[in-house]
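Input: a single structure, listed below in structure tokens.
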Amino acid sequence: MRSYVSFKKCAIVEELAVLGARVHICARNEAQLNECLHDWATKGYQVTGSVCDVTSRPQREDLITRVSSLFNGKLNILINNVGTSILKQTMDITAEDFSFLLTTNLESAYHISQLVHPLLKDSGAASIVFMSSIAGVTSIKNIASIYSAAKGAINQLTRNLACEWAKGNIRTNCVALGSIKTPLTGRILEDNTFLDEFNSRTPLGRIGEPNEVSSAVAFLCLPAASYITGQIISVDGGITVNTI
């Protein structure tokens, strides 16, 4: 398998690499990227990387040009895993906030999918996995409304591409995350009141671990999931089905 993972998501990279995939990853921070690449090399993983800010259209284009070169114009897997949020209420969101969040959370994934489509089609069988959020299907306190709107758009993009690109044998699915221990959620989880409330509403009673996400992502890329497409799979401990 040849796989491109957008953004530095160590658990997903390692899950795919252990399964034998050659992985290319991108990140904005060169020092952190090089540190990860060195660590993966010592483990024997086939992982390469590029410094790229995916909010930049030219950088996205340069990135996929390199991916195409590395994988001889064919790609089996695309993981669109870029996301960020701003802890503001709707009336406090500025035009700059709006543009930044949409560019990061929606436009980058949309454009990268467009750029990579020929590579996925030429592979003969391919899988796209978008990383979304349960904020795209339900309201979550303290999460910016424009973040939720962007994730809702990713969910619908998943469904549309699953139908539009199926003739090219490209499956498209989405993993909608609940509260997972990541740098992005760190600021929110520092609020013990929020954390206690979140856990009390979650049937499993805790937040998730990165490896619990990476396993779901990897499954969607495997032949075992060959008849699964257009699905939004919530990895959230059951919170979105708990109405109490």
Count - residues of region 9-36 that are assigned to a helix (DSSP H, G or I) and buried (at least 18 other Cβ atoms within 10 Å of the Cβ)
9
Ala41, sole failed condition from (1) at pLDDT below 95; (2) open to solvent by 50 Å² or more (accessible area, probe 1.4 Å):
(1)
From Val129, Val175, residue being among the β-branched types (Val, Ile, Thr) and more than 26 Å from Thr243 (Cβ to Cβ)
Val129
If you scan region 72-90, which residues turn out to be under 15 Å from Leu102 (Cβ atoms) and either aromatic (Phe, Trp, Tyr) or not in a loop (DSSP other than H, G, I, E, B) (or both)?
Asn80, Thr90
Cβ-Cβ distance below 6 Å, separation of 6 or more or different chains: which pairs start in region 82-100 with a residue that is farther than 12 Å from Ile143 by Cβ and end on one that is part of a loop (DSSP other than H, G, I, E, B) and open to solvent by less than 50 Å² (accessible area, probe 1.4 Å)?
Val82/Val54; Asp97/Ile86
Test Asp62 against the criterion of being among the acidic types (Asp, Glu), open to solvent by 40 Å² or more (accessible area, probe 1.4 Å) and in a loop (DSSP other than H, G, I, E, B), and give yes or no.
no
Which of the helices (runs of 4 or more DSSP H) contained wholly in region 123-203 include at least 1 residues that are open to solvent by less than 30 Å² (accessible area, probe 1.4 Å) and modelled with pLDDT of 90 or more?
145-164
Which ones in region 204-244 are in a loop (DSSP other than H, G, I, E, B) and within 23 Å of Val13 (Cα to Cα)?
Ile207, Glu209, Leu222, Ser226, Ile228, Thr229, Gly230, Gln231, Asp236, Gly237
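The values are calculated or read from the model by the stated rules, or taken from the named source; none is laboratory data. Just so it is clear, the structure is predicted and the values come from calculations on it, not from any experiment. A quick note on method: Cβ atoms are made from the backbone with ideal geometry, for glycine too, and the neighbour counts reach across all protein chains shown. Surface areas here come from the heavy atoms of the whole protein model, side chains and all, with no ligands, DNA or RNA. Shrake-Rupley method; radii C 1.70, N 1.55, O 1.52, S 1.80 Å.
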